[in-house]
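Student: Please read through the structure below; I'll follow up with questions.
The values are calculated or read from the model by the stated rules, or taken from the named source; none is laboratory data. On a predicted model such as this, the values are computed, not experimentally measured, just so you know. Surface areas here come from the heavy atoms of the whole protein model, side chains and all, with no ligands, DNA or RNA. Shrake-Rupley method; radii C 1.70, N 1.55, O 1.52, S 1.80 Å.
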Amino acid sequence: LTLPILLTLFASGLHKYPFQGRLILFLVPALMIFIGAGVDRIITVARPTGRIVGVSLCVLLLLVPVQKAVSILLNPDIIGQFEEVRPVMTYLSEHYQKGDKLYLYHSSEAQFIYYAKRVGLEKVPYQRAVNSKNDWDNYITELKGLQGAARVWILFSHVHDKSGVDEEKFFLFVLNRMGRQVDSFTRKGASVYLYDLH
């Protein structure tokens, strides 16, 4: 039960697999078994009040998930934006030309790696954007490094806007000052743009 957790942590430490969000949902059953075994052990040790303690623990453990489930049921929009990455990746695959540069927004790398094999882009070299929410100049400096390329694709998904600024809009603002947007394809929560930065 612990081996998948340890292997996933190991892969994450090697920067080969992200240890976050939906990508680690497969670990939930093992964790639930551990939690259940822990509650059972507490019930056994805490006799004769073990049942009261066990029920109280189960209520506490289930309180937040049940509350979130009810909130989502009543207001489905709170779960956030769906990300239709596959059609965007398919479009990129159909329009990518040999010699094109590919630049990935920092939060879209995992999605790119997952779909690249499915749409024939697994051998395409790419550059992942720096994650620099606290220093916007790093974004500008890195984007300026793309200057001179005639065809640069920029892939966005899982875009951050918690700081009050939509990072995709910021990137596009900088890119539009550097060159010309040639093509674009957007779906809910994901998009790809082709720029001429020559």
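Student: Among [x] -0.60, -0.78, -1.31; [y] -0.46, -0.65, -1.45; [z] -0.68, -0.84, -1.35, which is the computed log10 I(q)/I(0) by the Debye sum over Cα atoms at q = 0.11, 0.13, 0.19 Å⁻¹?
Tutor: Recomputing log10 I(q)/I(0) by the Debye sum over Cα atoms at q = 0.11, 0.13, 0.19 Å⁻¹ here gives the entry labelled [z].
Student: Still on this structure, please answer the following. Please give every one of the lysines within straight-line cross-link reach of Lys16, meaning a C-alpha to C-alpha distance under 17 Å, and leave out same-chain neighbours fewer than 8 residues apart.
Tutor: Candidates past the 8-residue exclusion: Lys117, Lys123.
Student: Determine the per residue accessible area of the chain with all protein chains present and a 1.4 angstrom probe, expressed in square angstrom.
Tutor: 66 Å²
Student: Could you check how much of the accessible area of region 71-165 is carbon and sulfur, as a whole percent, using a 1.4 Å probe?
Tutor: Carbon with sulfur: 50 percent of the solvent-accessible area.
Student: Moving on to the next point. Show me the helices of the chain, taken as full DSSP H stretches, that run 18 Å or more along their long axis by Cα and average 0.0 or above in Kyte-Doolittle hydropathy.
Tutor: Membrane-span-like by this rule: 28-45, 50-74.
Student: Let me ask something additional. Given Cα pairs under 8 Å that are at least 6 residues apart, what percent is the relative contact order of the chain?
Tutor: RCO, the chain: 19 percent.
Student: Of all DSSP beta bridges in the chain, what percent run antiparallel (nearest 5)?
Tutor: The antiparallel proportion sits near 70 percent.
Student: Also: Per DSSP H run of n ≥ 4, the term is -39500 (n - 2.57); total these for the chain, divide by its residue number, and report the mean residue ellipticity at 222 nm rounded to 500 deg cm²/dmol.
Tutor: Using -39500 (n - 2.57) per qualifying helix, the result is -16000 deg cm²/dmol.
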